[in-house]
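Participant: Would you mind keeping the following structure in view while I ask a few things?
Any read-out appearing in this document is the output of simple, stated calculations on the displayed coordinates, not a laboratory observation. Since we're looking at a predicted model, the values are computed, not measured. A quick note on method: Cβ atoms are made from the backbone with ideal geometry, for glycine too, and the neighbour counts reach across all protein chains shown.
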């Protein structure tokens, strides 16, 4: 396998400008991430700690193996949204517990008592899906007041899915554990209720369908919380709790012990010895264009992600706007598809063929997205750009090997679909801070709308009011610009998080390793290719 | 040359090995003997053959004449080397060897008997014109007589066991009112150790030095000396550091003292290797103390400055050969110092330590550095025998060079798993007063604070930090999933990785940030240090701590990490990540603080005790310790009886809180 030769010049002016802008973007990312770890704010955190309880992140740290990584999913979910806290009241991700890769989901009790918000529910769902898709055992660290009642209309109906998924995972032999640290009321009571293993912490856990006020309303019975749904009652009388923990750490220890007796995950593919890339990851900040309209060489990105910077390029001379080839990441064999310009007929067809090859050999896919879309224009339509693009989308849609998508720049139009965007269910999807996502670029979009409006006016024979049209165009451009922002996207779970580009290799490796908990089985069955 | 084809070594530990080494060189087969406790000991593995001789307790094995003679006969040994201690100065044993047709490698039973009873020896020596300390060596032994005889000698007074040696049964009395108690205690100890309670009174010379002379006689009337050894660095009459030549002797004094030693030897027709011990007063007078009729622990210093193999000569003489060396052929060349490495804790009054040696790494071999060890990796250091693990001897052209070489040798020695006096030895040899050569037998007692100094408290932190990065590095190396990943990777950092450790009872929380490749910014509270891991090696980690690169040796056993730099060793304990949350017991219990044997139980179930009351007398090696109640209460259970062997932490007595009055 050949080593990619770099042509990056760190004293180059564009490099330096990119480096500066991207560094600033990372600083902003770090600031926002830091905010996400503060829970519901000082006052609530203090109150929580004063009750002798651990913060959700502390619980996670103590649950994880020492030295283990933790890849937090959607840490900035809900950022900038109304009625939402950064992180949406849930902390979750992938890490090692007793040597097993697990999905961990913890309620942030300092945010509205751990009540589930609209985005919180979306995030729960995403974390649950990661467990199901990758066959990862789940551990829920429960302390939640239940549904955020004022927004019940947005969450009640879809909320049932979460409980359904726990038992469906159970059927697939993907076990779940609930450690109940506090409230788990009403619908929330089914979280432990559906789990395979339930641990309740003495004098803390309270699990009931209806709390004392509701019981009194419904039947007139007067009962205290501890006898109604305390850890001791559930461990000794109701049988809902399988393990009675003396305190929080004891409960966490029990969860670790339970994971220890799980059977081994499916055998991993044979791994190659790990080689670090030859070039420093730091240079990615100078390589990635701060302005997504400026293209950059995707092989330079690949060279800083893959083992030994070695890349076996497939069809290097054909359909050159899509780079395809084989490499290893932390010893895992991967097939990489990376944009190197706008998608053409040839590049789309090449991509479809490459996806088929990877499925044939059970090789996971890595998509490095930086795509403004498919080529437009008469010649290209005549060549069958739609027909060929459909091949690529067919391939991406029906592929069954794990796919991991990294948004490294722009993600516009059908390019988002063809390069395994969120709707195409990559196992994991992360973005770089310089990333922009929309159906098309803000200028193009507002320009298109402007042309359409002008044509409509012309058709109706109405006069063109330049000022009004310009103002509308500017407003639209600004709106699209705002909505293309990576924080807008990550707030809505369009991705699994914004990452420091320098961590890309690590994040891909964790994602690949997690994906391989489910046997990697490529398919040879596809939709009809439009040849 | 007449010799033996097979020798049984009636001993264990380093001396058994040392004798066997010479036997090997002489082409003599070796037979080891061993007790239950020593079945896998190094001396057993080193020998050509080995015979089991009984239970762990010395009296049932290494002191059991019958069993040893039987082992010799059964294995076809022609001679028996007794080593030192055990039966080495037992005339009955020497006789038993001869009557069983085996040669006893040592002096004649008659010489042993004459020397063994100190009072007898004193009288003979005085008769032969060897200067003796003013004192009483009579046969009348009643307390009354001893009291009466003590008066003219005056204070301070030294009480010794007539039959004794090695400091057992020895007491210094400074006040007349302490006399009775001291006599009683010395007698009890003497009876226990030697089966003979007779005592000897001597004027105690303050500021004396201990000088001894190695002598060697054949069965043809030839007697030579191999110069002196100075053994003034003692702790409770137990030698710790020995050297030759003595910095206290000039050639005139040396000649006199060596001549007196030969005189002493001749007066009892001494054959084989022996040592004549003297005290040297601050005014350069010397007095005879006793003759040791055996090979001494400290014989290597003599061997190193004279180039003579004393064991070889012992064997040659025992076989009936004439001495192959003449007096004028013996020269003192250079200077040699020996340090005795003991399993003991100098910080808790030299309490004997027990345990398993997790490693045994001797210093790299350099010319003039000799290590006589009786243990190796995995050795069980128990309570049954002398806690000496090894001797480190350095030889060089002059005293200062030998001293430096010995310090370096000791700092390179790594014996984790058992507390040793290594740092104490280094501190002693490094002490300016020891370096000056001006010291006496009170040196250790006078400087005990300096010699047992715990060192800079940051040493504990450095040890904790080194163990933290070591644990982290090993964990990373053992990772099954994504071993190449940056350790502790977080895409959304929350807390720095940390670990809870404990050094000398003090919990230490160590946390760190990764700074570049292999670099860590470590914090323990307010203390910070930059650490870079260079390599993780077998049994250690090479790290740069605040820009100095060193190898820290580390051995682990469960949650304990024994970490050693050149100048210190520490035990770092990993505190459990998930503390046991079960409720603690409401009873008070007395626990064994050290391994040992229960000598006596002082309380019975149901008995009321006050805080400070004695509960159990425990004996380990030569130390008796009374365990006392920490609070008043009722004895609820006695879990041991006299004779039981206990391990550190064993519960001995349970006391429930006193009923409310």
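Participant: May I ask you to work out the translational diffusion coefficient for region B:1-133 at 25 °C, viscosity 0.890 mPa s, via Stokes-Einstein with Rh from the Kirkwood sum over Cα pairs, reported in whole µm²/s?
Facilitator: Answer, rounded: 159 µm²/s.
Participant: Restricting to the protein assembly as shown, compute how many DSSP beta bridges are antiparallel as a %, nearest 5.
Facilitator: Of the beta bridges lying entirely in the protein assembly as shown, close to 70 percent run antiparallel.
Participant: Calculate how steeply helix A:466-483 sits against the longest principal axis of the alpha-carbon atoms of chain A, using the helix alpha-carbon long axis, and give the answer as 0 to 90 degrees to the nearest 10.
Facilitator: Roughly 50 degrees, rounded to the nearest 10.
Participant: Would you mind computing Rg(Cα) / (2.2 N^0.38 Å) for chain A, counting N as its residues?
Facilitator: Dividing the Cα radius of gyration by 2.2 N^0.38 Å gives 1.06.
Participant: Sorted from largest down, what three extents in whole angstroms do the Cα atoms of region A:269-373 have along their principal axes?
Facilitator: 39, 34, 19
Participant: Could you calculate the contour length gain from residue B:185 to residue B:575, that is, 0.36 nm times the residue separation minus the distance between their Cα atoms, to one decimal place in nm?
Facilitator: Result for the pair: 136.0 nm of gain on full extension.
Participant: On to the next question. Once the Cα atoms of chain B are picked out, what are the Rg and Dmax in Å?
Facilitator: Taking only Cα atoms of chain B, I get Rg and Dmax of 27.3, 91 Å.
Participant: Please report the antiparallel percentage of the DSSP beta bridges confined to chain A, to the nearest 5.
Facilitator: Here the share of antiparallel DSSP bridges comes out near 40 percent.
Participant: Ok, one more. Taking Cα atoms of region B:72-127, Rg/Rh with Kirkwood Rh, to two decimals?
Facilitator: Taking Rh as the inverse mean 1/r over Cα pairs, Rg/Rh reads 1.08.
Participant: Express the Stokes-Einstein translational diffusion coefficient of region A:235-293 in µm² s⁻¹, to the nearest whole number, given a Kirkwood radius over alpha-carbon pairs, 37 °C and a viscosity of 0.692 mPa s.
Facilitator: Reported coefficient: 188 µm²/s.
Participant: Tell me the Rg and the Dmax, in Å, that the Cα atoms of the protein assembly as shown produce.
Facilitator: In order Rg, Dmax, the Cα atoms of the protein assembly as shown give 41.8, 147 Å.
Participant: Hey, another quick one. Treating only the Cα positions of region A:382-531 as identical point scatterers, give the base-10 log of I(q)/I(0) from the Debye formula at each q in 0.10, 0.12, 0.15 Å⁻¹.
Facilitator: At q = 0.10, 0.12, 0.15 Å⁻¹ the computed log10 ratios are -0.50, -0.67, -0.90.
Participant: Suppose we look only past 17 Å in the calculated P(r) of region A:441-515. What percent of the Cα-Cα pairs does that tail hold?
Facilitator: Every Cα pair in region A:441-515 considered, those over 17 Å come to 62 percent.
Participant: Here's something else I'd like to know. How would region B:157-226 be classified by its alpha-carbon gyration tensor: rounded, prolate or oblate, with rounded meaning a/c under 1.5 and the a/b versus b/c comparison settling the rest?
Facilitator: Taking the square roots of the gyration eigenvalues as a ≥ b ≥ c, region B:157-226 is oblate.
Participant: When you look at the Cβ of every residue in A:60-69, what mean number of other chain Cβ atoms sits within 10 Å? Could the numbers behind the result be given before it?
Facilitator: Numbers: counts 1, 6, 2, 0, 1, 3, 9, 14, 10, 10.
Shielding by partners across A:60-69 averages 6.
Participant: How far apart, in nm, are the 7 Å Cα→Cβ label points at residue A:170 and residue A:81?
Facilitator: 2.9
Participant: On a 0 to 90 degree scale, rounded to 10, what angle separates helix A:385-398 from the longest Cα axis of chain A?
Facilitator: Once rounded, one gets 30 degrees.
Participant: To continue, here is another question. Principal axis extents for region A:333-470, Cα atoms only, whole Å, descending order, please.
Facilitator: 62, 36, 22
Participant: Treating each Cα of region A:110-241 as an identical point scatterer and ignoring solvent, apply the Debye formula and state log10 I(q)/I(0) at q = 0.18, 0.20 Å⁻¹.
Facilitator: Computed log10 I(q)/I(0) values: -1.01, -1.19.
Participant: Let me ask you something else. Let me check I have the definition right: for region B:194-322, take the eigenvalues of the Cα gyration tensor, multiply each by 5, take square roots. What are those semi-axes in whole Å, largest first?
Facilitator: Listed largest to smallest, the semi-axes of region B:194-322 are 24, 17, 15 Å.
Participant: Please give the direction-averaged projected area of the C-alpha convex hull for region A:273-313, in square nanometres with one decimal.
Facilitator: Details: hull surface 12.6 nm².
Quarter of the Cα hull surface area: 3.2 nm².
Participant: What are the principal axis extents of the Cα atoms in region A:175-230, in Å, biggest first?
Facilitator: Its Cα atoms span 39, 21, 11 Å along the three principal axes.
Participant: State the volume of the convex hull built on the alpha-carbon positions of region B:310-351, expressed per residue in Å³ and rounded to an integer.
Facilitator: Expressed per residue, the convex hull around the Cα atoms of region B:310-351 is 135 Å³.
Participant: Under 8 Å for C-alpha pairs, at least 6 residues apart: give me the relative contact order for chain A, rounded to a whole percent. Don't skip to the end; give the middle numbers.
Facilitator: On the way: 1100 pairs, mean separation 76.1, N = 531.
14 percent.
Participant: In the P(r) worked out for region B:499-592, what percent of Cα pairs fall beyond 24 Å?
Facilitator: 31
Participant: Tell me, how many Å apart are the Cα centres for region B:214-243 and for region B:136-176?
Facilitator: First find each Cα centre; the distance between them is then 24 Å.
Participant: Same structure again: How far is it, in nm, from the label point at residue A:2 to the one at residue A:462 when both lie 7 Å from their Cα along the line to the Cβ?
Facilitator: Here the modelled spin labels are 5.9 nm apart.
Participant: Then there's this: Indicate, rounded to the nearest 5 percent, the antiparallel portion of the DSSP beta bridges found entirely in region A:320-461. Let's see the in-between values first.
Facilitator: Values: 8 of 26 bridges.
Antiparallel bridges: around 30 percent, rounded to the nearest 5.
Participant: Could you give the radius of gyration (one decimal) and Dmax (whole number) of the Cα atoms in region B:268-380, in Å?
Facilitator: That works out to 18.2, 50 Å for Rg and Dmax.
Participant: May I have the pair-distance distribution P(r) for region B:91-152, computed from all Cα-Cα distances with 10 Å bins from 0 and rounded to whole percent?
Facilitator: 20, 34, 26, 16, 4
Participant: Using a simple spin-label model with points 7 Å from Cα along the Cα→Cβ vector, what separation in nm is obtained for residue B:514 and residue A:28?
Facilitator: Spacing of the two 7 Å Cα→Cβ label points: 2.7 nm.
Participant: Next question. Rounded to two decimals, what is the ratio between the C-alpha radius of gyration of region A:178-268 and 2.2 N^0.38 Å?
Facilitator: The reported ratio for this selection is 1.22.
Participant: I would also like to ask the following. If I fit a long axis through the Cα atoms of helix A:118-134 and take the longest principal axis of the Cα atoms of chain A, what angle between them do I get, 0 to 90°, rounded to 10?
Facilitator: The two axes meet at around 80 degrees.
Participant: Using alpha carbon centroids, what distance separates region A:367-396 and region A:279-357, in Å?
Facilitator: Each part's Cα centre sits 17 Å from the other's.
Participant: When the gyration tensor of region B:101-189 is built from Cα positions, what are the square roots of 5 times its three eigenvalues, in whole Å, from largest to smallest?
Facilitator: Largest first, region B:101-189 gives 27, 16, 11 Å.
Participant: Taking the beta-carbon count within 10 Å as an exposure proxy, list A:296, B:86 from fewest neighbours to most.
Facilitator: Working: A:296 19, B:86 22.
Exposure proxy ranking, most exposed first: A:296, B:86.
Participant: Then there's this: Which semi-axis lengths, in whole Å and largest first, follow from the square roots of five times the eigenvalues of the Cα gyration tensor of region B:1-74?
Facilitator: Sorted largest first and rounded, they come to 21, 14, 9 Å.
Participant: Separation of region B:399-443 and region B:461-480 by C-alpha centroid, Å?
Facilitator: Using only Cα atoms, the two centres lie 31 Å from each other.
Participant: Could you give the alpha-carbon Rg of region B:381-508 over 2.2 N^0.38 Å, rounded to two decimals?
Facilitator: For region B:381-508, the normalised Cα radius of gyration is 1.53.
Participant: Sort A:531, B:43 by Cβ crowding within 10 Å, fewest neighbours at the top.
Facilitator: Least crowded to most crowded, the residues run A:531, B:43.
Participant: Please work out how much length the chain gains when fully extended from residue A:260 to residue A:525, using 0.36 nm per residue of separation minus the C-alpha to C-alpha distance, in nm with one decimal. Mind dumping the intermediate values first?
Facilitator: Values: separation 265, 0.36 × 265 = 95.40 nm, distance 3.76 nm.
Length difference between fully extended and current span is 91.6 nm.
Participant: Using the count of nearby Cβ atoms within 10 Å as a rough guide to exposure, how do B:89, B:178, A:13, A:465 rank from fewest to most?
Facilitator: By the 10 Å Cβ count, ascending, the order reads A:13, A:465, B:178, B:89.
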